[in-house]
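Below you'll find the structure, written out as structure tokens, and then a few comments.
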Amino acid sequence: MHEFDLSSAIVATVNKHAEGRRVTHVTLRIGRLRQVVKDTLEFYLAIVGKDTPCEGATLEIIDVPAVLVCDTCQNEWQIEIPAFICGTCGPGAVEVKTGEEFMVESIEVEDEEDAACTAPR
Ligand SMILES: [Zn+2]
């Protein structure tokens, strides 16, 4: 998925929840398997968010490590690069436990200090 498409989705979600209020801060939760380049994402967010309540909002990204779990032995491990083989059992069924997240965790808006809301997942 390209950063530009992700940016459009983020801005749409944030603006919906902002309900017209000015957004000052956006927190995103992004799994490492998404392989999102933060600088690129910020670049596109600035473009897509221009002239919307998102304009000028600061961005925070929560980086979620990629954790796999083996179906056979429940072994869990973190990966830096996509390599889906259990170190104990070898090739077999594994599940991605975390690492595919891509969500707006919360936003902060002007005027109401406690208005930070969590977007539906
Ligand atoms: Zn295993």
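The values are calculated or read from the model by the stated rules, or taken from the named source; none is laboratory data. Bear in mind the structure is a predicted one, so any value in this text is a computation, not a measurement. Ideal geometry is used to build each Cβ from the backbone, glycine not excepted, and the neighbour counts take in all protein chains shown. With ligands, DNA and RNA removed, areas are computed over all heavy atoms of the protein, side chains included. Shrake-Rupley method; radii C 1.70, N 1.55, O 1.52, S 1.80 Å.
Failed condition for Ala66, given (1) surrounded by fewer than 20 Cβ atoms within 10 Å (Cβ to Cβ); (2) in contact (Cβ under 8 Å) with a residue 24 or more places away in the chain, with all others met?
Ala66 satisfies all of (1) surrounded by fewer than 20 Cβ atoms within 10 Å (Cβ to Cβ); (2) in contact (Cβ under 8 Å) with a residue 24 or more places away in the chain except (1).
Counting only residues that are more than 13 Å from Thr58 (Cα to Cα) and either part of a loop (DSSP other than H, G, I, E, B) or touching a residue at least 24 places away in the same chain (Cβ under 8 Å) (or both), how many does segment 10-43 have?
18
Hey, could you check segment 77-93 for residues that are within 13 Å of the ligand (Cβ to nearest atom) and open to solvent by less than 40 Å² (accessible area, probe 1.4 Å) and say which is nearest to Glu42 (Cα to Cα)? Talk me through it step by step, then tell me what you get.
So in segment 77-93, the residues within 13 Å of the ligand (Cβ to nearest atom) come out as 77, 84-93.
This time we only want the ones that are open to solvent by less than 40 Å² (accessible area, probe 1.4 Å), so: 86, 90.
Values: Cys86: 35, Gly90: 39 Å.
Among those residues, the one meeting the criterion is Cys86.
Within 16 Å of the ligand (Cβ to nearest atom) and either assigned to a strand (DSSP E or B) or under 17 Å from Glu19 (Cα atoms) (or both): does that describe Lys97? First the steps, then the outcome.
On the way: within 16 Å of the ligand (Cβ to nearest atom): yes; either assigned to a strand (DSSP E or B) or under 17 Å from Glu19 (Cα atoms) (or both): yes.
Yes, satisfied.
With Ala57, Ala93 as the choices, which residue is small (Gly, Ala, Ser), under 20 Å from Ile107 (Cα atoms), in contact with a strand residue (DSSP E or B) (Cβ under 9 Å, 6 or more places away or on another chain) and in contact (Cβ under 8 Å) with a residue 12 or more places away in the chain? Full working, then the answer.
Working: Ala93 fails: under 20 Å from Ile107 (Cα atoms).
The unique qualifying residue is Ala57.
Of the residues Thr72, Thr52, Thr58, which is open to solvent by less than 50 Å² (accessible area, probe 1.4 Å) and modelled with pLDDT of 90 or more? Break it down stepwise before answering.
Numbers: Thr72 fails: open to solvent by less than 50 Å² (accessible area, probe 1.4 Å); Thr58 fails: open to solvent by less than 50 Å² (accessible area, probe 1.4 Å).
Among Thr72, Thr52, Thr58, only Thr52 is open to solvent by less than 50 Å² (accessible area, probe 1.4 Å) and modelled with pLDDT of 90 or more.
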